[in-house]
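The values are calculated or read from the model by the stated rules, or taken from the named source; none is laboratory data. A quick note: this is a predicted structure, and the numbers were derived from the prediction, not measured. Cβ placement follows ideal geometry from the backbone for every residue including glycine, while neighbour counts extend to all protein chains displayed. Quick note on the areas: whole protein, heavy atoms, side chains included, nothing else; ligands and nucleic acids left out. Shrake-Rupley method; radii C 1.70, N 1.55, O 1.52, S 1.80 Å.
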Amino acid sequence: MSEKKPILMQGNEACAKGALAAGVRFFAGYPITPSSEIAEILSEELPKVGGRFIQMEDEIASMAAVIGASLTGSKAMTATSGPGMSLKSENLGYASMAEVPCVIVDVQRVGPSTGGPTAPSQGDIMQARWGTHGDHPIIALAPNSVKETYEVTIKAFNLSERFRTPVILLLDEVIGHMREKVVLPDQESIEIINRKKPTVPPEEYFPYEPDEDGVPKMASYGEGYRFHVTGLTHDKTGFPNLSPGNTDYVIRRLHEKIEKNIDEILMVEEYFMDDAELAVFAYGSPSRSSLSAVRKAREEGIKVGLIRPITIWPFPAETVKKAAQKVSKIIVPEMNLGQLLGEVERYAKSDAEVIGLNRVDGELITPQEVVDKIKEVL
Amino acid sequence: MQELLDKYFRKDKLPHIWCPGCGHGITLGAVVRAIDKVGLDPIKTTVVSGIGCSSRAPGYMKFDTLHTTHGRALAFATGVKHAKPELNVIVLTGDGDAAAIGGNHLIHAARRNIDITTVLFNNSIYGMTGGQYSPLTPTGKLATTAPYGNIDQAFDICKLAIAAGATYVARGTVYNTTQLIGLISKGIQNKGFSLIEVITHCPTVYGRRNKMGTAVDMMKWQKENTVNVKAAEKMTEEQLKGKILVGELYSDTRPEYTEQYTKIIERLQKEGQQ
Ligand SMILES: Cc1ncc(C[n+]2csc(CCOP(=O)(O)OP(=O)(O)O)c2C)c(N)n1
Ligand code: SF4
Ligand SMILES: [Mg+2]
């Protein structure tokens with residue numbers, strides 16, 4: 001076999017290509033910078049593989065169409081940025097409640113409101129967590145390179161199919177627009193997970209009866225199961241049941257299917273943490289600067305390590321708890337005013353001091369800034 | 001009737017939640033009879049709704065059913081139809097659901113001429129939330145949020161659908177179910193976007209407040225205040241004043257959205273093989 005040649009690729013393109021590799025067959029969206037390339041590429045590529053693209057009238061409709069498509073058995077996705085994410089939130093809640101797999105990409109830009117459409121940000125970390133109404137679990141992933149965007153997009157589809165849940169992919173303007181050389185894996189080497197399908201006859205099928213892993217099997221429309229889907233609190237039959245007992249059961253089960261399987265969901269990388277006395281906790285773009293900074297500081301003999309979560313939600317609480325017992329201080333560089341810092345504090349408790357390094361000017365956090373911060377807090 | 005019940009209804013979900021005298025049940029009956037008349041395959045038919053008393057209808061129907069968020073039925077339905085065009089897709093929606101919060105989705109579904117049949121249960125009010133005015137509440141009527149009389153102007157939702165690009169548009173009443181079943185059947189048969197507005201009644205939160213009498217009185221009102229479009233052709237403007245036109249209001253053919261998209265797929269796949 002010939003060695004694969006590296007190709008120059010943009011982050012948004014890697015996202016679209018990753019989605020195709022994962023088996024996406026439906027995209028509905030509404031244009032917004034800095035995410036539009038994902039829609040543009042998929043409008044070109046999807047019909048070639050028998051998939052379908054549609055540009056909807058707004059993001060509310062896009063999210064709705066994605067859920068409708070997923071119910072027919074298609075792997076479906078949408079892509080947007082902060083303002084569009086706010087509109088998608090309504091039906092994101094629906095996807096969570098009705099347990100419909102789908103992937104939502106948020107290429108973050110400076111906000112609130114129209115903010116800075118071409119400037120990167122990590123301002124939607126909490127919107128990803130709590131943007132929709134009600135107590136719901138969510139999975140959100142934040143890659144930090146073009147190559148990883150490709151891989152993590154595939155992972156996002158796999159997790160959404162595996163757990164019948166919406167998965168948010170958090171990119172930022174820099175990751176989305178930067179170009180890097182990548183070598184893509186062969187399709188055969190990629191692990192693809194598809195939703196579990198019922199094998200019983202229609203009379204015996206309960207669309208919301210979980211298996212042992214907490215995840216119910218999912219039929220597709222048009223297969224003869226003739227099942228009902230609603231956003232109302234429902235029992236295993238899929239029909240409304242608003243009793244306090246059932247309501248409590250449903251909301252808790254939605255959370256449990258994620259929590260119980262957290263090991264399959266959490267992706268966290270650690271660098272130089274073995275003997276670290278100080279830690280940097282960073283994700284997305286700032287984690288790149290943070291890794292260079294940590295390497296530089298190490299060269300100068302500073303015992304600092306890096307924790308880099310790719311899975312942002314559910315939050316890697318155990319990793320932080322463990323680290324906090326080892327290090328005295330945790331620096332959290334973010335392109336926001338400390339959204340994930342609060343979570344780090346929540347789990348570090350009094351074991352380690354948590355210090356923010358924040359930029360909201362639409363500029364990247366530089367390695368030097370992280371080095372300076374490391375030295376400042378030493 | 002028994003045969004229809006067995007074939008198309010989830011009998012274990014009955015009785016329904018609607019108030020005694022509500023017109024929504026009659027509308028649902030007409031929808032099911034139209035489905036039967038056209039002979040749709042129940043396995044290949046998906047019924048989608050939004051939120052409202054009317055939108056609870058799919059729950060009683062033995063099809064794949066999707067009860068979505070308020071106003072978004074057509075957007076969900078667009079995803080279903082586009083992803084799996086072989087499915088027959090029927091949307092059941094209310095006047096608030098389709099004309100207020102879902103108004104944008106309605107005009108764009110019509111514009112695309114996507115093959116979805118929309119049956120709009122127009123009871124002139126937000127029934128489920130207790131009687132607030134909707135974009136189809138006539139001017140002057142009372143609602144819980146229009147205690148001094150509604151000063152809004154109502155849409156002519158059929159004209160709006162025609163202007164937006166729907167290829168089959170009709171209006172019927174629950175008073176005349178024979179006509180209504182015919183109109184819905186033709187809507188289903190139309191290969192494109194169809195809207196059938198059904199004038200129905202909410203005796204509980206609209207009729208009572210507006211002193212319109214019993215459910216039977218409200219159906220009589222429908223009879224007395226509607227004129228068939230054919231008959232209307234021979235009537236003067238004076239005679240037609242205040243009357244609501246019923247019957248087939250518009251019918252046309254235009255390329256259907258998902259068919260057009262399928263052509264693109266076929267072309268690209270042929271090119272790919274070459
Ligand atoms: C986003 C959102 N806003 C408001 C509501 C509350 N709501 C539920 S039903 C409804 C109106 C329904 O009226 P209509 O569509 O005319 O149906 P009807 O009950 O009259 O059949 C409203 C405002 C909601 N469920 N969701
Ligand atoms: S409130 Fe009105 S629309 Fe709702 S079920 Fe009762 S009569 Fe029907
Ligand atoms: Mg109404």
request  = Considering (1) among the β-branched types (Val, Ile, Thr); (2) more than 13 Å from ligand 1 (Cβ to nearest atom); (3) open to solvent by 50 Å² or more (accessible area, probe 1.4 Å), say which one B:Ile51 fails and leave the rest.
outcome  = (2)
message = Looking at (1) surrounded by fewer than 24 Cβ atoms within 10 Å (Cβ to Cβ); (2) within 14 Å of chain B (Cβ to nearest Cβ); (3) touching a residue at least 24 places away in the same chain (Cβ under 8 Å), which one does A:Ser113 not meet, given that it meets all the others?
response = (2)
query = Within region B:87-132, which residues are more than 10 Å from ligand 3 (Cβ to nearest atom), away from every other protein chain (no Cβ under 13 Å) and surrounded by fewer than 24 Cβ atoms within 10 Å (Cβ to Cβ)?
reply = B:Asp115, B:Gly130
request  = Would you list the strands (runs of 3 or more DSSP E) that sit entirely within region A:161-268 and hold 3 or more residues that are open to solvent by 10 Å² or more (accessible area, probe 1.4 Å)?
outcome  = A:179-182
note = Only one of B:Leu106, B:Leu120, B:Leu195, B:Leu180 is among the aliphatic types (A, V, I, L, M), modelled with pLDDT of 95 or more, within 16 Å of ligand 2 (Cβ to nearest atom) and in contact with a helix residue (DSSP H, G or I) (Cβ under 6 Å, 6 or more places away or on another chain), namely B:Leu120
request  = Test B:Leu40 against the criterion of being at negative phi and touching a strand residue (DSSP E or B) at 6+ places or on another chain (Cβ under 6 Å), and give yes or no.
outcome  = yes
remark   = Scanning region B:142-193 residue by residue, the ones that are assigned to a helix (DSSP H, G or I) and either of a type in the set (Val, Ile, Thr) or under 28 Å from B:Lys37 (Cβ atoms) (or both) total 20
key: Criterion (open to solvent by 10 Å² or more (accessible area, probe 1.4 Å), facing another protein chain (nearest Cβ under 9 Å) and at pLDDT 95 or above) met by exactly one of B:Thr65, B:Thr69, B:Thr46   = B:Thr69
Among the residues listed as A:Met63, A:Met97, the single one being part of a helix (DSSP H, G or I), open to solvent by less than 20 Å² (accessible area, probe 1.4 Å), more than 16 Å from ligand 2 (Cβ to nearest atom) and touching a residue at least 40 places away in the same chain (Cβ under 8 Å) = A:Met63
